[in-house]
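The values are calculated or read from the model by the stated rules, or taken from the named source; none is laboratory data. The structure presented is a predicted model; accordingly, all values stated were derived computationally and were not measured. Because the Cβ atoms are built from the backbone with ideal geometry, glycine has one as well, and the counts that use them run over all protein chains shown.
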Amino acid sequence: MKGFAMLGIGKVGWIEKEAPKCGSYDAIVRPIAIAPCTSDVHTVWEGAIGERHDMILGHEAVGEVVEVGEFVKDFKHGDKVIVPAITPDWNSLEAQAGFQMHSGGMLSGWKFSNFKDGVFAEYFHVNDADGNLALLPDGMDPAAACMLSDMVPTGFHGVELADVQFGDAVVVIGIGPVGLMSVAGAALRGASRIYAVGSRPNCVQIAKEYGATDIINYRQGNIVDQIMDKTSGKGVDRVIIAGGDVDTFAQAIKILKPGGRIGNVNYLGEGDFIKIPRIEWGCGMSHKTIAGGLMPGGRLRMEKLASLVETGRLDTSKLITHAYKGIENVEQALMLMKDKPGDLIKPVVTMNW
């Protein structure tokens with residue numbers, strides 16, 4: 001089969017590989033819709049997880065099952081499925097402890113395009129199919145459903161990590177697709193004010209549609225000063241970091257009230273340390289909590305998020321700004337994520353086979 005791969009740090013291209021084989025509990029899936037992610041950019045061009053050679057990229061997909069293992073009970077050939085970016089080993093000790101995303105070791109629930117070939121191929125392998133696949137609801141657009149594989153659960157996990165409560169004032173730093181889903185999730189959780197930090201006009205508009213009450217444009221001044229001014233110097237209850245770099249944590253600490261929480265779902269592709277300002281952290285005694293986590297994966301998560309789309313509580317199609325047809329266009333879609341033109345939120349590639 002052919003696949004679009006990381007050839008080495010800073011290098012990508014099409015390769016030929018043997019098609020994956022199906023294990024007894026697993027499935028082989030043919031993609032219907034796939035989407036590149038900024039994580040792919042960090043992996044390839046920043047070397048964020050180290051050197052990889054001829055590793056097929058991609059971890060966001062909706063597909064059609066072409067084969068299942070002998071012990072798979074709930075899926076069969078021809079089923080259309082949503083595939084989460086995180087596919088844990090559900091019989092692991094880490095999963096039993098409630099941290100399935102780290103099954104087999106830290107971040108090891110993230111298999112696709114980390115240490116296993118991803119979904120930018122004619123076929124891909126899914127471990128533990130009964131635990132990791134979810135049926136695509138009838139009538140749901142595969143491209144919109146593709147957003148459920150990573151953008152929605154990652155953005156929502158930032159809301160969970162920050163523990164957003166009714167009436168909270170929340171800042172979302174970074175309003176790319178993940179940050180937009182953090183805005184939507186904070187609104188669903190009952191936040192009263194949502195300050196969305198970003199500058200691109202289309203992202204700003206969609207952030208407002210998802211529930212942002214205030215826009216903080218970092219190009220128009222220091223975001224700490226802007227937020228403290230808007231809150232009369234009080235700061236906010238929760239901060240969700242969905243973009244930025246290692247220096248973003250210092251800004252988050254400065255705008256957070258004592259007792260507040262930071263939920264980080266930003267993939268830090270560069271830098272060795274994050275910086276925490278001592279005074280604003282209360283000399284270490286402010287009860288300002290930083291929680292960072294990889295999104296949970298698995299079937300139940302996908303089914304619940306799909307139900308939000310089915311019932312009209314969440315419209316993921318707003319994220320899609322660039323649509324392509326045919327797997328040969330995945331390279332163009334990935335380069336969009338790398339270059340980030342002003343009108344981009346998220347590209348999706350649907351198949352024509």
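A few points about this structure:
- When segment 16-41 is filtered for residues that are buried (at least 17 other Cβ atoms within 10 Å of the Cβ) and in a strand (DSSP E or B), the ones remaining, listed by number, are Ala27, Ile28, Val29, Arg30, Pro31, Ile32, Ala33, Ile34.
- Top-ranked residue in segment 203-214 [being of a type in the set (A, V, I, L, M) and over 17 Å from Ile241 (Cβ atoms); ranked as surrounded by the most Cβ atoms within 10 Å (Cβ to Cβ)]: Ile206
- Any pair with Cβ under 6 angstrom, 6 or more apart, that starts in segment 30-49 at a residue that is of a type in the set (S, T, N, Q) and ends at one that is part of a loop (DSSP other than H, G, I, E, B): Ser39/Tyr267; Thr43/Ile49
- Gly233 out of contact with any helix residue (DSSP H, G or I) (no Cβ under 8 Å at 6 or more places or on another chain), at pLDDT below 95 and not in a strand (DSSP E or B): no
- Of residues in segment 181-202 being crowded, with 17+ Cβ neighbours inside 10 Å and out of contact with any strand residue (DSSP E or B) (no Cβ under 8 Å at 6 or more places or on another chain), the one nearest to Asp247 (Cα to Cα): Arg200
- Val119 vs. criteria part of a loop (DSSP other than H, G, I, E, B) and under 30 Å from Glu328 (Cβ atoms): yes
- Lone unmet requirement of (1) over 21 Å from Gly221 (Cα atoms); (2) surrounded by fewer than 24 Cβ atoms within 10 Å (Cβ to Cβ); (3) touching an Asp or Glu at 6+ places or on another chain (Cβ under 7 Å) for Leu161: (3)
- Residue check, Leu300 aliphatic (A, V, I, L, M) and either at pLDDT 95 or above or surrounded by 21 or more Cβ atoms within 10 Å (Cβ to Cβ) (or both): yes
- Any chance Glu67 is surrounded by fewer than 23 Cβ atoms within 10 Å (Cβ to Cβ), touching a residue at least 12 places away in the same chain (Cβ under 8 Å) and part of a strand (DSSP E or B): yes
- When Pro142 is tested against the conditions (1) assigned by TED's automatic domain parsing to the domain that holds Asp79; (2) touching a helix residue (DSSP H, G or I) at 6+ places or on another chain (Cβ under 7 Å); (3) buried (at least 20 other Cβ atoms within 10 Å of the Cβ), the lone failure is (2).
- Single residue of segment 225-264 satisfying the filter (under 17 Å from Gly198 (Cβ atoms) and β-branched (Val, Ile, Thr)) that is surrounded by the most Cβ atoms within 10 Å (Cβ to Cβ): Ile240
- When Val12 is tested against (1) closer than 18 Å to Glu328 by Cβ; (2) modelled with pLDDT under 95, exactly one condition is not met: (2).
- Failed item, numbered, when Phe166 is tested on (1) of a type outside the set (Gly, Ala, Ser); (2) more than 18 Å from the chain's Cα centre (by Cα); (3) more than 24 Å from Gly312 (Cβ to Cβ): (3)
- Options Ile49, Ile82; residue that is at pLDDT 95 or above and either assigned by TED's automatic domain parsing to the domain that holds Gly312 or touching a Gly at 6+ places or on another chain (Cβ under 8 Å) (or both): Ile82
- Residues that are among the hydroxyl-bearing types (Ser, Thr, Tyr), in the same structural domain as Ile15 (by TED's automatic domain parsing), buried (at least 24 other Cβ atoms within 10 Å of the Cβ) and within 18 Å of Phe71 (Cβ to Cβ) do not occur anywhere in segment 104-122.
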